[in-house]
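A short write-up of the structure that comes next.
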Amino acid sequence: MISIALFPCSFIDGATLVGELSMQLGLMVYTDGLLLDDIVQKHGGSVERMKEVLFGRKPPADRATLEKERMVNHLRRHLVARLRQEQGRTLFYGRLASLFTPALSSVFRVLVIDSEEARMVRAMKQEGCTAGQARRMISRHDSDVSLWTDYLHGRMAYDPVLYDAVIAYNERDVFTVTNDVIAGYIQREGVKTQETITDELRNQAVSLEVERALLEDGFQAKVKVGNGRVHLQVSSSSYHFSWLSKALAKRALTVSGVEQVTISNDAGILVCPEESRQDWLPGHAYA
């Protein structure tokens, strides 16, 4: 069973779109607000602080703490755990849609978009504002969500590369657009097996746990996981010392489900040959 992650372009009749998708496909709606509330209820903190760190225009005061990176990892781990527990069939709506990557093909990532002129017409009708005010609201929203996707993926919010499907209004009504989303969803669901979905979610969970472990020690790396094998891609400028690569491998191997680790730099050069859990058993020379 697969889910939908719908990114929030403003003034596209989003409420109607979400309502129709939820009703016709039997999807539970899960928004940014619900995600942040769940995190706070389970782990403490405040929603306001999380919003400030995640979506604020100012970067964290002390970048060395990796506060934003750790918070994003926390959100992603929560979403993957939720998918594993709920067995899919959720409509994720909001900026959280960008937290899902192509590694989770059981989440259908969708952008519904319209021309600026059409969005302005809706904004003026819904908000009772002037054309100039509508344009500024749209521009502000687009800028804010692009800051978010640029941080996560290095791309602007409406870049088609970020989505499995980009559906434009093209002067059609919201119900026709909804049908397009449903058609794409049904097609995706038809080619997914529960075994594949389970494997993807397990690998993603392990990947995020490895990322969390490294962040706790103040390190960052791109993590790929498959069948207990983990590959870390690290910055050439920061991770060229072999002893540090060994330390990263050892830390990754503390995560349950990780049996073997390799590390390369961002130039594709292998800087740490394969290490295995066996290598780090008590009494080993590197332990």
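Side notes on the structure shown:
- Segment 131-182, subset charged (D, E, K, R) and exposed (fewer than 15 other Cβ atoms within 10 Å of the Cβ), residue nearest to Arg76 (Cα to Cα): Asp150
This table checks each residue for (1) open to solvent by 50 Å² or more (accessible area, probe 1.4 Å); (2) at pLDDT 95 or above; (3) farther than 30 Å from Glu189 by Cβ.
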residue	(1), (2), (3)
Cys9	no, yes, no
Gly19	no, yes, no
Gln24	yes, yes, no
Leu34	yes, yes, no
Asp37	yes, yes, no
Ser46	no, no, yes
Lys51	yes, no, yes
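- Selection status of Asp13, within 17 Å of the chain's Cα centre (by Cα), among the acidic types (Asp, Glu), modelled with pLDDT of 95 or more and surrounded by 14 or more Cβ atoms within 10 Å (Cβ to Cβ): no
- Ala247 vs. criteria modelled with pLDDT under 90, out of contact with any strand residue (DSSP E or B) (no Cβ under 9 Å at 6 or more places or on another chain) and open to solvent by less than 60 Å² (accessible area, probe 1.4 Å): yes
- Filter result for Leu111 (touching a residue at least 12 places away in the same chain (Cβ under 8 Å) and either of a type in the set (S, T, N, Q) or part of a helix (DSSP H, G or I) (or both)): no
- Selection status of Val112, among the β-branched types (Val, Ile, Thr) and under 30 Å from Lys222 (Cα atoms): yes
- Only one of Leu83, Leu91, Leu111 that is of a type outside the set (Lys, Arg), open to solvent by less than 60 Å² (accessible area, probe 1.4 Å) and under 24 Å from Lys224 (Cα atoms): Leu83
The values are calculated or read from the model by the stated rules, or taken from the named source; none is laboratory data. Since the structure is predicted, the reported quantities are computational estimates derived from the model, not experimental observations. In this analysis, Cβ positions are derived from the backbone assuming ideal geometry, glycine residues included, and neighbour counts consider all displayed protein chains. For the accessible areas, the whole protein counts, side chains as well, though only heavy atoms, and no ligand, DNA or RNA atoms are used. Shrake-Rupley method; radii C 1.70, N 1.55, O 1.52, S 1.80 Å.
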